[in-house]
1. Using the 7 Å Cα-to-Cβ label point, sort the distances from A:Ile223 to its equivalents in the other copies shortest first and give them in nm to one decimal.
2. Name the most mobile residue of A:Ser159, A:Ser135, A:Ser201, meaning the one with the largest mean-square fluctuation, in a Gaussian network model of chain A with Cα contacts below 10 Å.
3. Let me know the mean shielding of B:130-143 by other chains, meaning the per-residue number of their Cβ atoms within 10 Å of its Cβ.
4. Could you tell me which of rounded, prolate or oblate describes chain A, using a ≥ b ≥ c as the square roots of the eigenvalues of the alpha-carbon gyration tensor, with rounded for a/c under 1.5 and, failing that, prolate when a/b is larger than b/c and oblate otherwise?
5. With springs only between Cα atoms under 10 Å apart, run a GNM on chain B and tell me which of B:Ile116, B:Ile225, B:Ile39 wobbles the most.
6. Once you list every other residue whose beta carbon is under 13 Å from the beta carbon of A:Tyr112, what net charge do they have if Lys and Arg are +1 and Asp and Glu are -1?
7. For region B:136-226, state what percent of all Cα-Cα pairs lands in each successive 5 Å bin, counting from 0 Å until the bin that includes the largest distance.
8. So what is the relative contact order of chain B, in percent, for Cα pairs below 8 Å that sit 6 or more residues apart?
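The values are calculated or read from the model by the stated rules, or taken from the named source; none is laboratory data. All figures in this text were calculated on a predicted structure; none of them were measured in a lab. Positions of Cβ are generated from backbone atoms using ideal geometry, with glycine treated the same way; all protein chains shown enter the neighbour counts. Each accessible area value is taken on the protein alone, full model and side chains, heavy atoms only, with ligands, DNA and RNA left out. Shrake-Rupley method; radii C 1.70, N 1.55, O 1.52, S 1.80 Å.
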There are 2 protein chains.
Amino acid sequence: MELSITAGCDTAWNRNGMAKSPVRAAGVPHPYWPRDLSIPGYVANDRSMHEILSFLFSVSGLFMLSTWVLTGRKWARDGRGQEFGVARRLAICWFAVCGFIHGVVEGWFSLYYDVIPSDQSFLSQLWKEYSRGDSRYVIADNFTVCMETVTAWFWGPLSLWTVFAFLANKPCRFVLQLMVSLGQLYGAVLYFYTEHRDGYSHSQMGHPLYFWFYFVFMNVLWIIIPLVLILDAWRHLQQAQTHTDLAQKEKTN
Amino acid sequence: MELSITAGCDTAWNRNGMAKSPVRAAGVPHPYWPRDLSIPGYVANDRSMHEILSFLFSVSGLFMLSTWVLTGRKWARDGRGQEFGVARRLAICWFAVCGFIHGVVEGWFSLYYDVIPSDQSFLSQLWKEYSRGDSRYVIADNFTVCMETVTAWFWGPLSLWTVFAFLANKPCRFVLQLMVSLGQLYGAVLYFYTEHRDGYSHSQMGHPLYFWFYFVFMNVLWIIIPLVLILDAWRHLQQAQTHTDLAQKEKTN
């Protein structure tokens, strides 16, 4: 018991990536913060930042474009049986992109977080590149692995279901929009809050690309957009409930 | 920079409560797991477990009872303008209890987590008692502090708003039920998942009171009940949307 518990702590403690001593930390050289982080078996990327970002943004762009085309088709109609407005089409495109990023990119992390530091497959290199903005990914920080796993396996499929629900004009479309957006918002808030309390120690604070673009910008999107979509879903669901409550009362009186 | 970063790590690392060395760990004796946990300034409770549990369950009972009475009043009506059924009344009582536990008990933790080990005020002693089932509370584990702060300041007030929304039959009542329940569910899933990956090292695994009652039972409630209430809210919101979509289509055709 005592043994397994000590092992438990040691594991948890290693996931937090703090070197036991400078000697340990001096192990494998790496570009991550804090600089004394211990990343056993780390292998540097052979793919350039440009290759990785081009892949991420072009595939996201393809998802966006194809969804934009789909939402513009004649058969695609909103609750009023009218064509989708620009804002609604963009919202549906957002969920398609989320389906890709949560399901594929974060899905990869949720499956291979333990081998990523030494792995050279494309998505592992993507995560080693992103980790320059947040090393919690390259050290498989416990909270990060748990939050990303929930995001990949729940918010990912639910994002795609949301796209389908709007295209097919299903009555659960705004319920799904609300659930996915709240899940994303809560995850992102905990993501920033835990790192804030860690003193932003897992990134080179203030670095224009790694801190501001990778860590701040790429994640703050999942705070601002879900907030807007939660309010939008709230408005629609509240209107529907008001309408139904009135009809119900008339029926009973 | 280097200095502040090192400080950052050290802080984060201490919040995870792993003893730097057996010498450090041998500091203050305490009843928490892992046994080599370092809890500087820890002061043992002078309140008994019975006093603490009696307080928690009697106050929760009072919130439950008073809400049960309120939901049974003649003026309290559901969407159809009819009296609340037993299941709905129990659901509203649940949100009232959540308002108390999130807002007051977890609210206290979110404000005083850093002094709780040495503090003897009643709610600090409650948390020192609960920590026997999960020592992450007595060492102010980073994820735990962040998740509890969101729970206290968002799901707490929103739980009370949900109670009011049902009593006043507001059209946002099921939207609130869905949001609070999903927030609670996600928080509880991350709570168990992070500890599972830590090898249940923060409790005496298998202990009937501390592990099974405090850690498992007291938290699994926030998985089972929210799941039921999410499905219930989904059903009601979907019905309302179906009803409204039909009416809208009739209007436009």
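1. 3.0
2. Comparing A:Ser159, A:Ser135, A:Ser201 in a Gaussian network model of chain A, the most mobile one is A:Ser201.
3. Numbers: counts 0, 0, 0, 0, 0, 0, 0, 0, 0, 0, 1, 3, 10, 10.
The per-residue average across the peptide is 2.
4. prolate
5. Ranking B:Ile116, B:Ile225, B:Ile39 by mean-square fluctuation puts B:Ile225 first.
6. With Lys, Arg at +1 and Asp, Glu at -1, the neighbours total -3.
7. 3, 13, 20, 22, 17, 11, 7, 5, 2, 0
8. Details: 287 pairs, mean separation 50.1, N = 253.
So the answer I get is 20 percent.
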